[in-house]
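> Sending over a structure as structure tokens; questions will come in a sec.
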Amino acid sequence: MQVGDLQQIESWATSSVSEGALSATADRRGTLLTAKNTRRLLELARHLPEADHALVRAIYGDGTPIRVVAGLRRQPDRECRRRLALLVDRMNHPAFAVAVHGSAPIRGRGARIARACFVEGLTIRQAAVRLRTSVYAVRRERARILAMVQCLKLANRLSHAAARQAA
């Protein structure tokens, strides 16, 4: 993996909430989301399972009130809000960006495990059953991906620090 890959993944994974024009959308903490961040979430939502994608698109894309969406899904408002918050947290995690956009070290079984755990949100056991592999293999690959994400964050910080010192 190269520094260019690192910066692309980091930009996908960490988008500042204070940039761009504010939209009327708020996350579960009451923080207003920017139009830029909302667009990013809608773009990332394409990779979610269809039901989750539809929920994110209805709330953030169409601007449908959560009460209406919850009524259509025949769920309590609270349950729908909680599901949306979990999806937003998952899409904001750097491992989601790594799983979606791929990376040289993640191929084959590792890519399938990354997709199952970080994109679809399956537990380690559920991913192992779906992918017909051992729990140990899923746990090991998931830990490897999380370690890679931490290394990417550290390398990005170091490259920014070096650029500041050179300037």
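The values are calculated or read from the model by the stated rules, or taken from the named source; none is laboratory data. Bear in mind the structure is a predicted one, so any value in this text is a computation, not a measurement. All Cβ positions, even for glycine, are placed from backbone atoms using ideal geometry, and neighbour counts span all protein chains on display.
> Taking the residues in region 83-124 that are farther than 19 Å from Val135 by Cβ and among the basic types (Lys, Arg) as candidates, determine which candidate is surrounded by the fewest Cβ atoms within 10 Å (Cβ to Cβ).
Among those that are farther than 19 Å from Val135 by Cβ and among the basic types (Lys, Arg), it is Arg107.
> Here is a further query. Going residue by residue through region 77-98, is there one that turns out to be outside any helix (DSSP H, G or I) and more than 21 Å from Asn37 (Cα to Cα)? Break it down stepwise before answering.
Pass one, region 77-98, residues outside any helix (DSSP H, G or I): 93.
Within this subset, residues satisfying the condition of being more than 21 Å from Asn37 (Cα to Cα) are none.
No, because not a single residue in region 77-98 is outside any helix (DSSP H, G or I) and more than 21 Å from Asn37 (Cα to Cα).
> Could you list, in sequence order, all residues of region 34-57 that are closer than 23 Å to Arg115 by Cα and without any contact (Cβ under 8 Å) to a residue 24 or more places away in the chain?
At the first step, the residues of region 34-57 found to be closer than 23 Å to Arg115 by Cα are 37-57.
If the condition is that a residue be closer than 23 Å to Arg115 by Cα and without any contact (Cβ under 8 Å) to a residue 24 or more places away in the chain, then Asn37, Thr38, Arg39, Leu42, Glu43, Arg46, Glu50, Ala51, His53, Ala54, Arg57 are the ones that fit.
> Pairs under 8 Å by beta carbon, first residue part of a helix (DSSP H, G or I) in region 151-167, partner at pLDDT 75 or above, six or more apart or different chains?
Leu152/Pro94; Leu152/Val98; Lys153/Pro94
> OK, next. So which residues in region 144-157 are surrounded by 12 or more Cβ atoms within 10 Å (Cβ to Cβ) and aliphatic (A, V, I, L, M)?
Ile145, Leu146, Met148, Val149, Leu152, Ala155
> Something else: Among (1) surrounded by 18 or more Cβ atoms within 10 Å (Cβ to Cβ); (2) farther than 20 Å from Ala97 by Cβ; (3) not β-branched (Val, Ile, Thr), there is one condition Arg164 misses while meeting the rest; what is its number?
Every condition holds for Arg164 apart from (1).
> Now, a different point. Can you name every residue in region 127-143 that is surrounded by 15 or more Cβ atoms within 10 Å (Cβ to Cβ) and either modelled with pLDDT under 90 or not hydroxyl-bearing (Ser, Thr, Tyr) (or both)? Show your work before the answer.
Start the filter on region 127-143 by keeping residues that are surrounded by 15 or more Cβ atoms within 10 Å (Cβ to Cβ), which leaves 127-128, 131, 133, 137-139, 141-142.
Result: Ala127, Ala128, Leu131, Ala137, Val138, Arg139, Glu141, Arg142.
> Shifting gears a bit: So, in region 144-167, how many residues would count as being charged (D, E, K, R) and either within 22 Å of His47 (Cα to Cα) or at pLDDT 85 or above (or both)? Explain how you work it out, then say what you get.
Step one: filter region 144-167 for residues charged (D, E, K, R), giving 144, 153, 157, 164.
If we keep only those that are either within 22 Å of His47 (Cα to Cα) or at pLDDT 85 or above (or both) too, we end up with 144.
Going through region 144-167 one residue at a time, the tally reaches 1.
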